[in-house]
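**Q** One structure coming up, written as structure tokens, with questions to follow.
The values are calculated or read from the model by the stated rules, or taken from the named source; none is laboratory data. The structure displayed is predicted, hence computed values, not measured ones. Cβ: placed from backbone, ideal geometry, glycine included. Neighbour counts: every protein chain shown. Quick note on the areas: whole protein, heavy atoms, side chains included, nothing else; ligands and nucleic acids left out. Shrake-Rupley method; radii C 1.70, N 1.55, O 1.52, S 1.80 Å.
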Amino acid sequence: MSAEPLLEVRDLSKRFGGLQAVSEVGFRLGAGELRCIIGPNGAGKSTLFKLLLGSIRPDAGTIRFAGIDVTRREPHSRARLGIGIKFQNLAVYQHLTVRHNLLLPLSHHCRGSALDAEAARLLARLDLSGSEGRLAGSLSHGQKQWLAIGMALAMKPRLLLLDEPTAGMGPEETRATGELIHAVQAEGVAALVVEHDMAFVRQLGAPVVVMHTGRVFAEGTLAEIESHEDVRRIYLGATAPRRRRAARPSS
């Protein structure tokens with residue numbers, strides 16, 4: 001990782017009433033790097049995602065993107081800096097065509113023949129060539145997920161935030177989504193994937209951050225995480241793990 005990370009999160013905390021949803025979370029992500037964030041329900045993953053995109057504000061801590069403090073910036077301001085977002089809940093325009101869904105974000109930086117060429121490129125990448133005239137609402141669930149990812153990519157992001165991108169997909173669609181994410185990363189786009197499907201996390205093969213009770217509980221390679229006794233306890237639903245602070249597990 002470079003000395004100047006693309007994304008740097010420091011001591012991020014958020015409380016809702018009496019609930020400490022996120023507590024002193026910190027990690028760094030380099031340009032073009034892929035990272036997965038996992039954890040059981042209630043671990044703080046969704047709250048962290050909302051803090052990163054700017055839909056809620058932290059009580060403490062900082063978020064820096066490309067050297068800029070974005071902690072108090074609105075989501076649209078973060079998007080202009082190069083943060084693309086794909087929510088768990090689909091954000092496609094169901095009553096517009098597939099092509100029109102892509103043209104809306106593309107029109108922010110493309111015109112004329114360049115707009116048509118970029119739309120065609122995205123359609124091919126999303127395996128939606130030939131479906132450009134269909135209404136988005138008529139696509140399969142997996143295709144809608146890919147279209148939503150394509151709309152985020154159409155904004156030319158440097159960082160892609162993906163919240164459970166394979167939710168509701170079958171095995172083949174899940175595999176194709178992993179290949180799409182790897183292809184995007186190969187072009188230099190960093191990606192942070194919030195996920196609970198460990199089979200998909202294994203397919204991505206990326207470093208993993210494990211959250212538990214609002215904290216970063218462990219981080220490391222996939223092999224390190226899968227051999228981590230207390231992480232296994234979390235996913236088996238056993239009693240609370242012994243270590244409560246962030247720690248790199250041993251191999």
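**Q** I need every pair where a residue in segment 165-188 that is under 16 Å from D127 (Cα atoms) has its Cβ under 9 Å from the Cβ of a residue that is aromatic (F, W, Y) and open to solvent by 40 Å² or more (accessible area, probe 1.4 Å), sequence separation at least 6 or different chains.
**A** none
**Q** How about segment 34-60: which of its residues are within 16 Å of the chain's Cα centre (by Cα) and either more than 23 Å from A199 (Cβ to Cβ) or open to solvent by 40 Å² or more (accessible area, probe 1.4 Å) (or both)?
**A** Matches in segment 34-60: S46, T47, K50, L51, L52, L53, G54, S55.
**Q** Give me the residue from segment 125-137 that is open to solvent by 60 Å² or more (accessible area, probe 1.4 Å) and more than 22 Å from the chain's Cα centre (by Cα) and, out of that set, nearest to L103 (Cα to Cα). Let's see the steps before the verdict.
**A** Step one: of segment 125-137, the residues open to solvent by 60 Å² or more (accessible area, probe 1.4 Å) are 125, 127, 129-130, 132-135.
Filter again for more than 22 Å from the chain's Cα centre (by Cα), leaving 129-130, 132-135.
Details: S129: 14, G130: 16, E132: 11, G133: 12, R134: 14, L135: 14 Å.
Residue satisfying both the conditions and the ranking: E132.
**Q** Okay, next question. Given the criteria in contact with an Asp or Glu (Cβ under 8 Å, 6 or more places away or on another chain) and either exposed (fewer than 12 other Cβ atoms within 10 Å of the Cβ) or farther than 28 Å from R35 by Cα (or both), does R64 qualify?
**A** On the way: in contact with an Asp or Glu (Cβ under 8 Å, 6 or more places away or on another chain): yes; either exposed (fewer than 12 other Cβ atoms within 10 Å of the Cβ) or farther than 28 Å from R35 by Cα (or both): no.
Criteria not met by R64.
**Q** Moving on. If the requirement is being of a type in the set (D, E), at pLDDT 90 or above, open to solvent by less than 70 Å² (accessible area, probe 1.4 Å) and not in a helix (DSSP H, G or I), which of these qualifies: E173, E219?
**A** Working: E173 fails: not in a helix (DSSP H, G or I).
Unique residue meeting the criteria: E219.
**Q** Still on this structure, I have one more. Give me the strands (runs of 3 or more DSSP E) completely within segment 1-116, filtered to those with at least 1 residues that are of a type outside the set (G, A, S) and closer than 19 Å to P165 by Cβ, ordered by residue number.
**A** Values: elements: 7-16, 19-29, 34-38, 60-65, 83-86.
It comes to 7-16, 19-29, 34-38, 83-86.
**Q** Please specify each residue of segment 185-203 satisfying the condition of being within 20 Å of G84 (Cβ to Cβ), in a helix (DSSP H, G or I) and open to solvent by 10 Å² or more (accessible area, probe 1.4 Å). Working first, answer last.
**A** Step one: of segment 185-203, the residues within 20 Å of G84 (Cβ to Cβ) are 185-195, 200.
Pick out the ones that are also in a helix (DSSP H, G or I) and you get 185-186, 200.
Within segment 185-203, Q185, A186 meet the criteria.
**Q** Just wondering, is there one or more residues in segment 164-172 that are over 25 Å from A31 (Cβ atoms) and of a type in the set (S, T, Y)? Reasoning before the result, please.
**A** Step one: of segment 164-172, the residues over 25 Å from A31 (Cβ atoms) are 167-172.
Still in the running and of a type in the set (S, T, Y): none.
No, every residue in segment 164-172 fails to be over 25 Å from A31 (Cβ atoms) and of a type in the set (S, T, Y).
**Q** Go through segment 75-105 and give me each residue that's surrounded by fewer than 20 Cβ atoms within 10 Å (Cβ to Cβ), of a type in the set (S, T, N, Q) and under 20 Å from H141 (Cβ atoms).
**A** Q88, N89, Q94, T97
Residues are listed down the side, and each one gets a yes or a no for (1) of a type in the set (D, E); (2) within 30 Å of R233 (Cβ to Cβ); (3) without any contact (Cβ under 8 Å) to a residue 40 or more places away in the chain; (4) touching a helix residue (DSSP H, G or I) at 6+ places or on another chain (Cβ under 8 Å):
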{"position": "G17", "(1), (2), (3), (4)": "no, yes, yes, no"}
{"position": "F27", "(1), (2), (3), (4)": "no, yes, no, no"}
{"position": "C36", "(1), (2), (3), (4)": "no, yes, no, yes"}
{"position": "L51", "(1), (2), (3), (4)": "no, yes, yes, no"}
{"position": "F65", "(1), (2), (3), (4)": "no, no, no, yes"}
